[in-house]
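First up is the structure itself, then whatever we jot down about it.
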There are 2 protein chains.
Amino acid sequence: MSQISIGLVQLKCTAKKEENLTAAAEMIREAVARGAQIVCLPELFATPYPCQSEDHRQFDLAEPLDGPTVQLLCQLSGELGIAAVGSIFERRDAGLYHNTAVVCEGGKLLGFYRKTHIPDDPCYYEKFYFTPGDVGYPVFQVMGTHIAVGVCWDQWFPEVARLFALGGAKILFYPTAIGWLVHEKAEFGQIQQSAWETMHRSHAIANGFYVAAVNRVGLEGNIEFWGASLLCDPNGVVLCRASVDRPEVLVVVCDLNKVDVVRTHWPFLRDRRIDTYQGLLQRYLRP
Amino acid sequence: MSQISIGLVQLKCTAKKEENLTAAAEMIREAVARGAQIVCLPELFATPYPCQSEDHRQFDLAEPLDGPTVQLLCQLSGELGIAAVGSIFERRDAGLYHNTAVVCEGGKLLGFYRKTHIPDDPCYYEKFYFTPGDVGYPVFQVMGTHIAVGVCWDQWFPEVARLFALGGAKILFYPTAIGWLVHEKAEFGQIQQSAWETMHRSHAIANGFYVAAVNRVGLEGNIEFWGASLLCDPNGVVLCRASVDRPEVLVVVCDLNKVDVVRTHWPFLRDRRIDTYQGLLQRYLRP
């Protein structure tokens, strides 16, 4: 298969899980009606973003890998004949929680990825909630191609995109929950969003694959999630970009032959000097 | 020192080494007259770009690390009290040539870096000429800060920028010779140049340091070198950008405090998961 249709579901999330799951299901159906074969949702889309404070009650929002959110995505994947890429606040066991992406296909959970890089910034207190991922950088064969899923903060680390590329991914998804702190938006908003988009484009360019970022929108507490979900091609060209303020379904056709073409015209995988990269495994190369 | 002034010398190179050295010296003096403390020149600025064909006569353009180009840069660095970052076609010994960046300060060659990633594309037949670098990723203390120098093709590899950051660099220079193939420019020119700028910006963002790319301009054989030399800050904001078609001297003041500020607001160095990066030392993670 040389062409594949990708659906990006940009959601506004409410306080009620049932509402979010219903909205997600409707928008997945819309994406599929418009041709989408793989549909991706934002980070932790089933609930409000839970990490704006350190509050033990928020752990009640978590669910296991066979909980209602994954059940829904599995069910839809089977019914609609698609692959669904989602994200959950995973309760793995008592006191052990992850920020986990899931890939559902054929009615089943095909696999999952646990967010490796955990942020901790004002209003994004994720280190309080999530144990860093322990499943490496898996690549999944779905719909005749290979995909991978990083999660939000992972997207700032070129190491992640590279590892997924080396694992064979041709499309890299990033379920995301990123926004402006209300008091920062005027001064830093444009710079922050531009940096975010630049990183996605750079991953596509450096690795010669498609990159899709799927963000939430809307004001939740102190964060205005900035939407702007996007998909860029292996040249880093943004093929589609959502609004900054509305729920939206994007559907875009990706030509997988372009991965081959770009990677032979920009042969970075040919030329990596793996004999010189040992320092990447170090924290720092100075005392 | 929290502020440092950087000069970028965008050159049009001719067939005569003496002309190029004279032009470079004049433009270095201009940059310094405008306040520059560290001045960077384009890749292989002393000669025409030598790699558009595989021609043994081109090796005659090479010179040793104590040859006329380095002598000139050392002399100017001492006379003007600056650091000069240059690039030479290095003859290391019979049959052993490198594409080498040099850093001169106080009248002396402070250190050098040999291009690690060597391209080989139509009209950029560098693998024929240059042995891949064997000096790792050195960082140099100059003018009260730490700088590093990658060379052209290195800039497409996020590994390089990261290794320089881990080595302590606060400003990363890329002497460059990149341009449009004449017959490709109309169709691919804009995409190529945008990808190039995006990579520089992404290195600045991912590593929280300044990045400067210094390119040549002008038509040489089949290549129209696209200039557009730029310097971006640790947020990936382009502080200055040269034209695509004229020799030009850019001088821009960098606030080194911004490296601290950005790196604590975007704390990627804090969160690297070095326990998960072993795959980066592999060619590929599939059979």
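The values are calculated or read from the model by the stated rules, or taken from the named source; none is laboratory data. Keep in mind that this is a model prediction, so the values were computed, not measured. A quick note on method: Cβ atoms are made from the backbone with ideal geometry, for glycine too, and the neighbour counts reach across all protein chains shown. For the accessible areas, the whole protein counts, side chains as well, though only heavy atoms, and no ligand, DNA or RNA atoms are used. Shrake-Rupley method; radii C 1.70, N 1.55, O 1.52, S 1.80 Å.
Which one is surrounded by the fewest Cβ atoms within 10 Å (Cβ to Cβ) among residues in region B:135-160 that are facing chain A (nearest Cβ under 10 Å) and more than 18 Å from A:Leu280 (Cβ to Cβ)?
Only one residue fits best here, namely B:His146.
Which members of region A:86-113 meet the condition of being within 16 Å of A:Pro42 (Cβ to Cβ) and of a type in the set (D, E, K, R)?
A:Glu90, the sole residue that qualifies.
Name the residues in region A:38-75 that are part of a helix (DSSP H, G or I) and either open to solvent by less than 40 Å² (accessible area, probe 1.4 Å) or touching a residue at least 24 places away in the same chain (Cβ under 8 Å) (or both), would you?
Selection gives A:Gln58, A:Phe59, A:Leu61, A:Pro68, A:Thr69, A:Val70, A:Leu72, A:Leu73, A:Cys74, A:Gln75.
Just to be sure, is A:Asp260 under 30 Å from B:Gly150 (Cα atoms) and either away from chain B (no Cβ under 12 Å) or not aromatic (Phe, Trp, Tyr) (or both)?
So A:Asp260 passes the test.
Answer yes if at least one residue in region B:222-237 is small (Gly, Ala, Ser), touching a Cys at 6+ places or on another chain (Cβ under 7 Å) and touching a residue at least 24 places away in the same chain (Cβ under 8 Å), and no otherwise.
Within region B:222-237, none of the residues are small (Gly, Ala, Ser), touching a Cys at 6+ places or on another chain (Cβ under 7 Å) and touching a residue at least 24 places away in the same chain (Cβ under 8 Å).
Looking at B:Leu172, B:Leu163, which is the one that is farther than 21 Å from A:Val237 by Cα, surrounded by 24 or more Cβ atoms within 10 Å (Cβ to Cβ) and within 13 Å of chain A (Cβ to nearest Cβ)?
B:Leu163
Taking region A:263-287 only, how many residues are farther than 30 Å from B:Leu181 by Cβ and within 8 Å of chain B (Cβ to nearest Cβ)? Give the steps one after another, and end with the answer.
Going residue by residue through region A:263-287, those that are farther than 30 Å from B:Leu181 by Cβ are A:275, A:277-287.
Cutting the leftovers down to within 8 Å of chain B (Cβ to nearest Cβ) gives us A:277-286.
Looking only at that region, the number is 10.
Right, A:Thr198: more than 8 Å from every other protein chain (Cβ to nearest Cβ) and within 16 Å of the chain's Cα centre (by Cα) or not?
It is false that A:Thr198 is more than 8 Å from every other protein chain (Cβ to nearest Cβ) and within 16 Å of the chain's Cα centre (by Cα).
Just to be sure, is A:Val32 part of a strand (DSSP E or B), on the phi < 0 side of the Ramachandran plot and open to solvent by less than 50 Å² (accessible area, probe 1.4 Å)?
When the stated conditions are applied, A:Val32 does not pass them.
Those residues that are in contact with a strand residue (DSSP E or B) (Cβ under 7 Å, 6 or more places away or on another chain) and either without any contact (Cβ under 8 Å) to a residue 12 or more places away in the chain or surrounded by fewer than 23 Cβ atoms within 10 Å (Cβ to Cβ) (or both), I need them from region B:5-29; list them, please.
Of everything in region B:5-29, those that are in contact with a strand residue (DSSP E or B) (Cβ under 7 Å, 6 or more places away or on another chain) and either without any contact (Cβ under 8 Å) to a residue 12 or more places away in the chain or surrounded by fewer than 23 Cβ atoms within 10 Å (Cβ to Cβ) (or both) turn out to be B:Ser5, B:Lys12, B:Met27.
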